[in-house]
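**Student:** Right, I'll just put the structure down here and ask away after.
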């Protein structure tokens, strides 16, 4: 089953652009904090299969096993986000 | 130039899946709150040009002008997000 602590460890490679907390540190990367399990899994599989393409993500996703994806999805989907709209 | 209040109005059509505050209400949609202007613009243009494809987003993006994109990007990028990691 998906493992939160394994996900946190594996997220170290994602943190460079997405942050360990899922708030992007690179301008061309999205925030992924608190995204749904469905969406995160679907996007990682899309990058792995080529259904979606991005210079770095396509390469990174090739190296991900199904278990890696499950653990990373568990980690980033478990992050709680709040959003404050401009007044 | 991009207009925040126009963006808020135009975001009504996005809110069904992404929320007015950018926190997704549909499981197959990402949170877009606080994403960078670069990323939001790039993704909307990708859906509009077909570089990225999604059943609903491809259709919605066809109807967006450059000004619509600028206003929507202004709105969603201006939303402030916080992320709290699991302990």
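**Student:** So, in region B:13-44, of the ones that are part of a helix (DSSP H, G or I) and more than 11 Å from the chain's Cα centre (by Cα), which residue ends up nearest to residue A:47 (Cα to Cα)?
**Tutor:** B:38
**Student:** Related question: So, in region A:21-33, how many residues would count as being within 13 Å of residue A:78 (Cα to Cα) and in contact with a helix residue (DSSP H, G or I) (Cβ under 7 Å, 6 or more places away or on another chain)?
**Tutor:** 3
**Student:** For region A:24-35, which residues satisfy the criterion of being at negative phi and buried (at least 18 other Cβ atoms within 10 Å of the Cβ)?
**Tutor:** A:24, A:29, A:30, A:31, A:32, A:33, A:35
**Student:** Something else now. Looking at B:8, B:48 in this structure, which one is in contact with a helix residue (DSSP H, G or I) (Cβ under 7 Å, 6 or more places away or on another chain) and more than 16 Å from residue A:84 (Cα to Cα)?
**Tutor:** Just a single option satisfies the conditions, and that option is B:48.
**Student:** Sort out which residues of region A:11-24 are more than 10 Å from every other protein chain (Cβ to nearest Cβ), free of Cβ contacts under 8 Å to residues at least 12 places away in the same chain and under 17 Å from residue B:84 (Cα atoms), and write them in order of number.
**Tutor:** A:12, A:15
**Student:** Applying the selection to region A:48-86, what residues are surrounded by fewer than 19 Cβ atoms within 10 Å (Cβ to Cβ), facing chain B (nearest Cβ under 10 Å) and either in a loop (DSSP other than H, G, I, E, B) or free of Cβ contacts under 8 Å to residues at least 24 places away in the same chain (or both)?
**Tutor:** A:51, A:53, A:54, A:78, A:82, A:84, A:85, A:86
**Student:** So, one more: May I ask you to verify whether residue B:3 is touching a residue at least 40 places away in the same chain (Cβ under 8 Å) and surrounded by fewer than 16 Cβ atoms within 10 Å (Cβ to Cβ)?
**Tutor:** So residue B:3 passes the test.
Any read-out appearing in this document is the output of simple, stated calculations on the displayed coordinates, not a laboratory observation. All of these numbers come straight from a predicted model, not from anything done at the bench. Backbone-built Cβ (ideal geometry, glycine too); neighbour counts: all protein chains shown.
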